[in-house]
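The values are calculated or read from the model by the stated rules, or taken from the named source; none is laboratory data. What you are looking at is a predicted structure, and each value in this text was computed from that prediction instead of being measured. Note that each Cβ is placed from the backbone with ideal geometry, even for glycine, and that neighbours are counted across all protein chains shown. Remember, those area values only see protein heavy atoms, side chains included, never the ligands or the DNA or RNA. Shrake-Rupley method; radii C 1.70, N 1.55, O 1.52, S 1.80 Å.
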Amino acid sequence: MPRFFVATPLAGLRSLSLPDHVVRHVQVLRLKEGDAITLFDGRGGEYQATLTAIAKRDADCDISRFDDSSRESPLWLGLAQAISSGDRMEFTLQKGVEMGVSVFQPLMTERSIVKLAGDRADKRLARWQEIIVSACEQCGRNTIPEVLPILTLKQWLAAKPDGDAHLVLSPLGTQRLADIATAPGKAWLMAGPEGGLSAAEEAAAIAGGWTPLKLGPRILRTETAALAAAAAMQTVWGDYGA
């Protein structure tokens, strides 16, 4: 069933005129009056609805019931991802949503190819949030992960984000997930850009309490590393093994 995010709070509503971006999707999918759709507003749960009218620029629906369903992992997972170039960052965000990442922290590092600031950064953040919303529509999540404002690695380490585990991906790391005896309820994962973190950056992260994590003997690309680690963490501590 097609799923759409709407920013309007849906609790208590019986009918709704759908926003423009949803109307466009309805038309692209060639939905018709009487077709069933699912709506969610990011406040938890989802709403079953039926299209009642479709025009060139408008579409209306009746909301029939609320389903108090959650597809969030028991593992709260934050991903601090160094900004990568091309469509790699968008791919990481999209697939990270599917893998249950709870919040994204974009980082500027020494080897980051893309440099963002001012209006350009604001536009990129808005674009990234759109990708996250779209991924939630596709994968069934009713809680939308947030993409936080861009920070430098130095700012991020100084912030000392709260968590039970702080893991930084490193080809030189010796720690494995299996070596962590107590399953964290809240974990942070940090991944570098193309070329990885510099030696100085990795040393600063370790000095700041981050544990260097190695996934295996093979070197992974930036768009692969964080996703592979997220999948492994969901298997060991989250809901993949349920």
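Side notes on the structure shown:
- Just so you know, the Rg over Rh for the stretch 108-239 is 0.96, from Cα atoms, with Rh as the Kirkwood radius.
- Charge tally in the Cβ shell below 15 Å around Ile206, where Lys, Arg are +1 and Asp, Glu are -1, Ile206 excluded: +1
- DSSP-defined beta bridges in the stretch 15-122 - what % are antiparallel, rounded to 5: 75 percent
- Straight-line cross-link reach from Lys32 at under 13 Å between alpha-carbon atoms covers these aspartates and glutamates, not counting any fewer than eight positions away in the same chain: Asp58, Asp60.
- Where a label projected 7 Å from the Cα of Ile206 along Cα→Cβ would reach, residues of the stretch 165-179 with amide N under 17 Å: 166-177
- Rounded to the nearest 20, the size of the Cβ-charge dipole of the stretch 132-242 about its Cα centre is 180 debye, with Lys and Arg at +1 and Asp and Glu at -1.
- Net charge dipole size for the chain [Lys, Arg +1 and Asp, Glu -1 on Cβ; Debye, nearest 20]: 480 debye
- Protein-only accessible surface order, largest first, of Ile54, Ile63 at 1.4 Å: Ile54, Ile63
- Average accessible surface area per residue within the stretch 1-157, 1.4 Å rolling probe, Å²: 51 Å²
- Note on the stretch 90-177: Cα-Cα pairs beyond 15 Å make up 66% of the total pair count.
- Met1 paired with Lys160, simple spin-label distance in nm, labels 7 Å along Cα-to-beta-carbon: 4.7 nm
- Distance from the Cα centroid of the stretch 197-222 to that of the stretch 1-68 is 44 Å (rounded to whole angstrom).
- Using the average count of surrounding beta-carbon atoms within 10 Å as a protection proxy, the listed peptides 98-109, 145-156, 115-126, 14-25 rank, highest first, as 98-109, 145-156, 14-25, 115-126.
- Counting only lysines at least 8 places from Lys214 when in the same chain, those with an alpha carbon closer than 20 Å to its own are Lys186.
- Here the accessible area is traced with a 1.4 Å probe on the protein chains. For the chain, carbon and sulfur cover 52 percent of it.
- Here the spin labels are modelled as points 7 Å beyond Cα on the Cα-Cβ line, and at Thr38 and Phe91 they lie 2.7 nm apart.
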